[in-house]
């Protein structure tokens, strides 16, 4: 059963007149008659019988018409449904957030206040390529210490990483520290496959230091709360984790190594209309650049 045959059949079933149907379908009457005959041959039963100058549906024809009408209606509605889907997709931004999740979440909340029709879907997957915008991180290149655009679809922002220590007499007046002084201190660490953890491990390896881990979690909030409670010392990114309570915690620069990471924001052109993706990408850049 071909699609054209189905459309021809339904038109003839509606008018019950071959000549009138041929005119509406803009085909020759003999061609329409042959198409109906071929359809009847393919289904193996008669679909029409003559009734005076007109034709009428057989019981088989009535049954086929009843079954085909919703199918054709669904087919005819598909272009509009696909158009609606495309519009909805254009208003949904897929974010792959592998770094700075708290700052990105705050940015989404702020952006939604002015753009209520934009939706966001967040994932955290190192292997995922199907995203509109990705926020990731890597150790900084010591040869370049300026925020920059790395190609037209990528923005890089540098962020210092400090060592968070208790604000007590031991560290009073200190603005920096050598990690080798901390060999006996208990470290609060971000565990799992977090990129931030891997960067900090690289700093320690460069200095020949193996931190004594007393608590680790794959939840950044848990790590931050433990450090803020003076349960141990830990690495603290300059702005993506927010500020510390300076009454209890002091941030010290780390000596002997460029203790800094790059926050990399990039986007893909996956949609028919990428204007919403680019607008939010530009908004994210301002949020990171002003930090």
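Coordinate-derived values only; no laboratory data. For clarity, every value in this text was computed on a predicted model and none was experimentally measured. Don't worry about glycine lacking a Cβ; one is built from the backbone with ideal geometry, like all the others, and counts go over all protein chains shown.
Here the chain carries DSSP beta bridges of which approximately 65% are antiparallel, counting only pairs with both residues inside.
Legend: calculated FRET efficiency, residue 212 to residue 274, from the Cβ-Cβ distance at R0 = 35 Å, rounded to 0.05, equals 0.15. Prolate is the label for the chain, because the ratio a/c of its alpha-carbon gyration tensor axes (a ≥ b ≥ c) is 1.5 or higher and a/b is greater than b/c. Of the peptides 217-230, 63-76, the order by per-residue mean of other Cβ atoms within 10 Å, starting with the highest, comes out as 217-230, 63-76. Rounded to two decimals, the Cα-based Rg/Rh of the stretch 188-291, with Kirkwood Rh, is 1.05. Per residue, the chain reaches -13500 deg cm²/dmol at 222 nm when only DSSP H runs of four or more residues are counted, each adding -39500 (n - 2.57).
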